[in-house]
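These notes are about the structure you will find just below.
The values are calculated or read from the model by the stated rules, or taken from the named source; none is laboratory data. All values reported here derive from a predicted model rather than from experimental measurement. All Cβ positions, glycine included, derive from the backbone under ideal geometry; neighbour counts span all protein chains shown. Areas reflect the complete protein model, heavy atoms only, side chains present, ligands, DNA and RNA absent. Shrake-Rupley method; radii C 1.70, N 1.55, O 1.52, S 1.80 Å.
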Amino acid sequence: MAKILMKGNEAIGEAAIRAGCLNYFAYPITPQTEVAEYMAKRMPEVNGVFVQGESEVAVGYMIFGAAACGERVMTTSSSPGVSLMSEAISYIAGARCPAVFVNIMRGGPGLGGILPSQGDYFQSTKGGGHGDYRLLVMAPDGVQEIVEMVMMAFPLAEKYRNPVMIVGDGLIGQMMEPVEFPDNLTVKPSNKDAWATNGMDTRGSKEKNIVKSLYLDPEELNNHNLTLKAQYERMKKEEIRFEAYNTDGDYKVLIVSYGTMSRVCKTAIDNMKAKGIETGMIRPKTLFPYPLQAVHDAAAKQSCKAVISIEMSMGQMVEDVERAVLGQKPVSWYGQCGGNVPSPEEVEEQVMALINK
Amino acid sequence: MSGIGLKGVVVIAGNYGSGKTETAVNLALNEKKSGFDVCIADLDLVNPYFRTRETRKMLRESGIDIVLPDEKYMNADLPILSPAVAGMIKSSYDLAILDAGGDDAGVMVIAALQDALRQRKVAMLQVINPFRPFTENVKGCIKVKEEIEATSKLRVTGIVSNANLIDDTTPEIIYKGYELIQDLSEKTGLKVEFITAETSLVPELDLKKFDCPVLPIERYLVPPWKRKTTRS
């Protein structure tokens, strides 16, 4: 298929349809409403379903219901909406159902603002809802990568029987870029007979699948959590994704940045390179599992004297960067979270300050 | 630089993401440079980012009057319609550009301005980028046209091709857009007012292929990593 020009939000919708997701439930919220708008137009064309729930709480459980039936299902929202869905996300993870969530983040906390932010790093990687669950979290840096990640998210959710979260700041949803779609996914959920609800007809003929997250027996609940943990450990072995940018040279400063912010950092790195200053960057594409080893190794390089986490939040990812660097080099943070995206010039100033320290 | 020659009140409409704002801003600058008195109003009540208001400093410095919501609501997604818009429509600018939001939802505000608009000669241009979803063909463009007309209570009077894939635009893309808009013009009887092409691409174009003016486009609404200077 030829290239077309798409908003990130539209690309999310189209990619989901091409991944075989015919169930989409959502509630409008800036800056992700265009996904719902796009799906309202497109879903009838492919005999799919879009239902606007009465709230994000309702939407969360619509997702749970469809997932429990073994259907590919997705929702999209923005920060406050995802908070409302967090209870359902915990239930879905607890019941081991696959589903895809997309958070086009806006400024917080509370109502915050409608401009871009990366303030839900903790929410998506370290909790949000209750209990010992994890989400597989991916962070695209542009419209083409949205397509790749959304289409990847469904099989990954099925592989781990766990929700996958894609996080992009508002700009990722709103900006337009040329995009090319790969072939439609033809693989159907392969393992759903093992867990999806199979209805009354099978009573007596084969074992019933019951979707639940309630385990009153402490032994059983502990074992259930150990099963979940084993899945998360497997994610850490098999699903880490990252990009190393300009890491071949002798850089003095290593930037760690993701999403839109990493695009700004790339411009800054290119500008500095033109002036003869080498700066390396690790861009996590998965925020959980986190590319700890990649950041660790890039920081270990002899020329590197400092590591900086640049994020549109008040220092959230920097905690994972510190966990990766393990004290071998000083780690600092720079960011803004009101909605203004730091400029390449501001990034350059931060890097130069570290070099001249 | 020669003007496109549009006069009076011009509403810029089109489907979502067709490039209305880049077209409106560049049209304003082009006509100003050609010596006309130009005013532009940001009526985009549906889009939260990449709006005319983001270019306000540059427009004002170029001598273009600009009507915006109150500064303190500038970053809200509220449907604020400044009363100054009606005043602008009634005043005597050579060219008053109303940059509407996308789709039928985006031109609902135009219907609200009916009383003011009735007193002036009004043109409504539909901006089309055939490389956007839903307007890849004549049928899709006509559907958008009819939706816009039903909601705005105005007729589309002219069409504009804004064929582009941003940085991936080639002359072939622009020729393809022109082909579609010609076809649309034949089927609807609407005049092709102009087509757009990024300034850097204009020298590569065979201008003899076009029977309409070409508006050179500079991109002002770009993401932060492409901005030449820090946003003011």
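For region B:30-62, which positions are within 14 Å of chain A (Cβ to nearest Cβ) and among the aliphatic types (A, V, I, L, M)? Selection gives B:LEU45, B:VAL46. The helices (runs of 4 or more DSSP H) found wholly in region A:1-120 and carrying at least 1 residues that are within 14 Å of chain B (Cβ to nearest Cβ) and among the charged types (D, E, K, R) occupy A:8-18, A:33-42. Within region B:142-159, the residues that satisfy the criterion of being of a type outside the set (Lys, Arg) and within 14 Å of another protein chain (Cβ to nearest Cβ) are B:VAL144, B:GLU147. Say we look at region B:132-141 and pick out the residues that are surrounded by fewer than 24 Cβ atoms within 10 Å (Cβ to Cβ) and either outside any loop (DSSP other than H, G, I, E, B) or in contact (Cβ under 8 Å) with a residue 24 or more places away in the chain (or both); which of these is nearest to the other protein chains (Cβ to nearest Cβ)? Ranking the qualifying residues of region B:132-141, first place goes to B:PHE134. If the condition is being of a type outside the set (A, V, I, L, M, F, W, C) and surrounded by 15 or more Cβ atoms within 10 Å (Cβ to Cβ), then region A:53-70 contributes A:GLY53, A:GLU56, A:GLY60, A:TYR61, A:GLY65, A:GLY70. Scanning region A:121-147 for residues that are farther than 18 Å from A:VAL318 by Cα, of a type in the set (Gly, Ala, Ser) and either more than 14 Å from every other protein chain (Cβ to nearest Cβ) or open to solvent by 20 Å² or more (accessible area, probe 1.4 Å) (or both) returns A:GLY128, A:GLY129, A:GLY131. When the residues of region B:187-227 are narrowed to those that are closer than 27 Å to A:ASN340 by Cβ and of a type in the set (Val, Ile, Thr), which ends up surrounded by the fewest Cβ atoms within 10 Å (Cβ to Cβ)? Filtering first and then ranking leaves B:VAL222.
A quick yes/no check of all residues on (1) modelled with pLDDT of 95 or more; (2) closer than 30 Å to B:ILE80 by Cβ; (3) within 14 Å of chain A (Cβ to nearest Cβ):
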| site | (1), (2), (3) |
| --- | --- |
| B:MET124 | yes, yes, no |
| B:SER161 | yes, no, yes |
| B:THR170 | yes, no, yes |
| B:THR196 | yes, yes, yes |
| B:LEU201 | yes, no, no |
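Pairs meeting the criteria (first residue in region A:169-180 and more than 7 Å from every other protein chain (Cβ to nearest Cβ), second residue open to solvent by 30 Å² or more (accessible area, probe 1.4 Å) and aliphatic (A, V, I, L, M), beta carbons under 7 Å, at least 6 apart or on different chains) are A:GLU180/A:MET1.
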